[in-house]
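Here's the structure, in structure tokens; my notes come after.
The values are calculated or read from the model by the stated rules, or taken from the named source; none is laboratory data. Bear in mind that the values here come from a model prediction, so they are computed numbers and not experimental data. A quick note on method: Cβ atoms are made from the backbone with ideal geometry, for glycine too, and the neighbour counts reach across all protein chains shown. Accessible surface is based on the protein model in full, side chains and every heavy atom, while ligands, DNA and RNA are left aside. Shrake-Rupley method; radii C 1.70, N 1.55, O 1.52, S 1.80 Å.
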Amino acid sequence: MPSEFWIEDPSRLLRVGAGFDLRAVDPDAKPGTAARKAEGAAELARAAQELRGLQEKLFAQSRLGAPDRLLVVLQAMDAAGKGGIVNHVFSQVEPYGLALSAFKAPTEEERAHDFLWRVEPRVPTPGMIGVFDRSHYEDVLIQRVRGFAPPEEIERRYGAIVDFERRLAEDGVRVVKIMLHISPEEQAERLLSRLDDPEKHWKYNPGDVDERELWAEYMEAFSIAIERTAAEHAPWYVVPANAKWYARAAVQRIVISELQRIDPQWPEADFDVAVERSRIERTSDLSWP
């Protein structure tokens, strides 16, 4: 492993495989490490340079036509920490190579089209890391739980998602899907903390409690969506997220591992380095008249 923080690779431990059961995932667990909060913050800072280096290679090689890009899909119950992941993991990369999209309730125009219509334009372009804060998976999660779409339409959407993500992979997009998994008790504490702090009232949505009351239904919807759409080219990871510091370090390591799978390379110069050096040296005596 790249540091003493990780005893085992979380990208292997947290990746969904055959026989996956969401009920077996403990939201308090910290697979792959015996470290504590302070060490987690140190690891996040230490690995930031590794993440930036891979991102810069990914961006650089796209300048010469490489199609590779990474799409990170974040899904979770409310207050699970998606915003914290964006702030603490992806703020560490160069902004020119990052594209963040937050999907809210669909607009009237978006509802007039197929559910993937609003998603396709947000797919990252070559060289970019795209982050979806919620995504097309809302259309098989809340839509299923709330019955906003009939069962046969939900079934169609699972297949449409699989086809969509396969097309992305064929076009050079590495799709990585991450569920931040918290317990209902932890969610309650986080929601209450928002009520306790006037500066966090803007984060509180009374509707979150309505969705919270359907916790079991959402866990079933997540389980089905993960089972139906997990694939080698578009894997799911379920990250225990009761400990924010662990979730952030684990997501960072997953992203690094997925970039390593892409294996971006520095592009070779398409010019003569020696000639360019000579040209620069000949202009070393420039002065203002």
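Overview of values
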item: The stretch 130-288, dipole about Cα centre (Lys/Arg Cβ +1, Asp/Glu Cβ -1), debye to the nearest 20; result: 220
item: Which of 215, 117, 288, 202 is most accessible, then next, and so on - probe 1.4 Å; result: 288, 202, 117, 215
item: Within straight-line cross-link reach of residue 244, aspartates and glutamates at Cα separation under 15 Å, skipping those fewer than 8 residues along the same chain; result: 26, 28, 39, 43, 78, 185, 186, 189
item: 5 angstrom amide H check on residue 174, placed H, neighbours 5+ away; result: 69, 70, 71
item: Surface/4 estimate of mean projected area, convex hull on alpha-carbon atoms of the chain, nm²; result: 21.0
item: Crossing angle, helix 37-62 versus the chain [Cα axis fit, 0-90 degrees, rounded to tens]; result: 60
item: Largest-first ellipsoid semi-axes for the stretch 5-76, taking √(5λ) over the Cα gyration tensor eigenvalues, angstrom; result: 29, 20, 10
item: Nonlocal amide H pairs with residue 20, under 5 Å, H built at 1.01 Å; result: none
item: D (Stokes-Einstein, µm²/s), Kirkwood Cα radius, the stretch 244-289, 0.692 mPa s at 37 °C; result: 218
item: Crossing angle, helix 273-282 versus the chain [Cα axis fit, 0-90 degrees, rounded to tens]; result: 60
item: Percentage, to the nearest whole number, of Cα pairs in the stretch 1-40 over 14 Å apart; result: 53
item: Subset of 37/82; 37/203; 104/177 violating a 21 Å alpha-carbon distance limit; result: 37/203
item: Crossing angle, helix 244-262 versus the chain [Cα axis fit, 0-90 degrees, rounded to tens]; result: 50
item: Mean residue ellipticity (222 nm) of the chain, computed from DSSP H runs ≥ 4 via -39,500 (n - 2.57), nearest 500; result: -14500 deg cm²/dmol
item: Candidates per trypsin sites (Lys or Arg not before Pro) in the stretch 1-80, loop by DSSP, up to 11 other Cβ within 10 Å; result: 63
item: Carbon and sulfur %, accessible surface of the stretch 44-203 computed with the full protein complex present, 1.4 Å; result: 51
item: Size of the stretch 188-289 as Cα extents on the principal axes (Å, biggest first); result: 73, 42, 22
item: Hz values of 3J(HN,Hα) by residue in the stretch 227-238 - Karplus curve (6.51, -1.76, 1.60), Gly and Pro given as x; result: 4, 6, 10, 5, 8, 4, 7, 8, x, 9, 10, 10
item: All Cα pairs of the stretch 140-259, percent lying beyond 18 Å; result: 64
item: Range in the chain, longest, excluding exposed GluC sites (Glu not before Pro) [loop by DSSP; at most 15 other beta-carbon atoms within 10 Å]; result: 9-212
item: Residue 125 accessible area, 1.4 Å probe, all protein chains in place, Å² to nearest 10; result: 80
item: Unit charges on C-beta of K, R, D, E only; dipole of the chain, Debye; result: 420
item: More than 26 angstrom apart: percent of Cα pairs within the stretch 81-204; result: 34
item: For the stretch 54-147: rounded, prolate or oblate by the Cα gyration tensor [a/c cutoff 1.5]; result: oblate
item: The stretch 113-173, Rg to Rh (Cα coordinates; Rh as Kirkwood inverse mean 1/r); result: 1.00
